[in-house]
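Here the structure comes first, spelled out in structure tokens, and everything after it is commentary.
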Amino acid sequence: MKVHVKRVDIDYHMEATNDTGNVVSIDGNPSIGGHNLGARPMQLLLMGVGGCSTIDIISILRKQKIEPTSIDVEIEGERDPDEVPSLFKKIHVIFTLGGLGEEQHPKAVKAAALSMDKYCSVSKMLEGKAEISHEVRFV
């Protein structure tokens, strides 16, 4: 796996490109001179938790022939602003799945737990640094 990050303006705006050509914009907080032209690096880390765990959940449920019609993930991270570096202390993930029958709910809850506790590489990297919790909701 390889990515390339290139600065694109005089301030903090950058573009990250992966080895298949996908581009993500990155920028700094306006309080340090950023211009909100991309996600901040710590936001990208939370996005990684959401993306990684969602891939796991889809994969686990598909093996059981379960296909949610929607998956929405909200991730909230809490950092200690007085520490340098300001690491995440707490991360809470809320999975909201749609289109499942009530009898499928326990399997979806188990799939989320398997992802967060065992399979999601991003959350496992953060384990021990941040208290990570999750919940599953259904619509």
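Filter 2/63; 2/90; 65/89; 2/129; 6/124 down to the pairs with a C-alpha to C-alpha distance above 32 Å, please. Provide the component values of the computation, followed by the final result.
Details: 2/63 30 Å; 2/90 29 Å; 65/89 36 Å; 2/129 25 Å; 6/124 28 Å.
Over 32 Å Cα-Cα: 65/89.
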>> Could you give me D for the stretch 43-98, from Stokes-Einstein at 25 °C and 0.890 mPa s, where the hydrodynamic radius is the Kirkwood radius over C-alpha pairs? Units µm² s⁻¹, please.
In response: 193 µm²/s
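For the chain, give me the percentage of DSSP beta bridges that are antiparallel, rounded to the nearest 5 percent.
65 percent
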> For Cα extents along the principal axes in Å, the listed values are [x] 38, 30, 26; [y] 55, 37, 27; [z] 51, 38, 26; which was obtained by calculation from the structure presented?
Replying inline: [y]
> Mind checking the angle between helix 105-114 and the chain's longest principal axis? C-alpha axes, 0 to 90 degrees, to the nearest 10.
Replying inline: 40 degrees
> For labels at residue 65 and residue 96 in the simple 7 Å Cα→Cβ model, what's the distance in nm?
Replying inline: 3.0 nm
> Which order results if 20, 96 are arranged by neighbouring Cβ count within 10 Å, fewest first?
Replying inline: 20, 96
>> Out of the trypsin sites (Lys or Arg not before Pro) in the stretch 9-99, which ones are loop residues according to DSSP with at most 14 other C-beta atoms within 10 Å?
In response: 65
> When only DSSP loop residues count, what GluC sites (Glu not before Pro) in the stretch 74-139 have their Cβ near at most 15 other Cβ atoms within 10 Å?
Replying inline: 83
> By how many degrees, between 0 and 90 and to the nearest 10, does the Cα long axis of helix 41-63 differ from the longest principal axis of the chain?
Replying inline: 20 degrees
>> Compute a Gaussian network model of the chain, connecting alpha carbons closer than 10 Å, and tell me which residue from 113, 39, 16 fluctuates the most.
In response: 16
>> Treating the stretch 74-139 as a set of equal point scatterers at the Cα positions, no solvent, please give the Debye-formula log₁₀ I(q)/I(0) at q = 0.29 Å⁻¹.
In response: -1.25
> Using helices alone, what [θ] at 222 nm do you get for the chain, with -39,500 (n - 2.57) per DSSP H run of 4 or more residues, divided over all residues and rounded to the nearest 500?
Replying inline: -9000 deg cm²/dmol
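All of the numbers you see were taken from the coordinates with simple rules; none came from a lab. Just so it is clear, the structure is predicted and the values come from calculations on it, not from any experiment. Don't worry about glycine lacking a Cβ; one is built from the backbone with ideal geometry, like all the others, and counts go over all protein chains shown.
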